[in-house]
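A short reminder: the numbers here are calculations on the coordinates, not readings from a lab. If you're wondering where the values come from, they're calculated on a predicted model, not measured in any experiment. For neighbour counting, all protein chains shown are included, and Cβ atoms are generated from backbone atoms with ideal geometry for every residue, glycine included.
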Amino acid sequence: MPLAAGQGAGNSFTTILFLLLLFGVVYFLMIRPQQKRRREAMNMQSQLGPGDQIVTIGGLHGTIVSIDDDVATLEVAPGVQVKFARQAIARTLPRQDAEESAAAADEAEAEPAAEEPVADDTVADTKKKD
């Protein structure tokens, strides 16, 4: 009988060791990276200011006009301002990319669109005549 009691104690130690190992793997593969991403997002959102080009979590691009504790006012088009929660800002765009895209938009507006050739609307008869 003492031999059977010793085997049960070893089995419970193995089970506890396995559970601790499983928790460690879950922590390093799932919990820790999520905490790191959250910290980076909080840091980015705390450094926002007027004039920053941003992208919201919904994919809307805009420029910050003003920012309060919880609300950021964005200009999405000339004269169109919308309010978003600060947490809804996913990322900021680099300054040089924002300037290049603004310059490209200005050039596109300055150049008149080339006229496209008008397609002939006549339909060719493709039926075989018997």
Revision key, fill the gap. Quick calc: nm separation of the 7 Å Cα→Cβ label points for Gln87 and Phe28 -> 3.1
Review point. Cβ under 12 Å from Pro33's Cβ, Pro33 left aside: what net charge do those residues give with Lys, Arg +1 and Asp, Glu -1?
Key: +4
Review point. Taking the Cα centre of the stretch 29-77 as origin and charging only Cβ (+1 Lys, Arg; -1 Asp, Glu), how large is the dipole, in debye to the nearest 20?
Key: 500
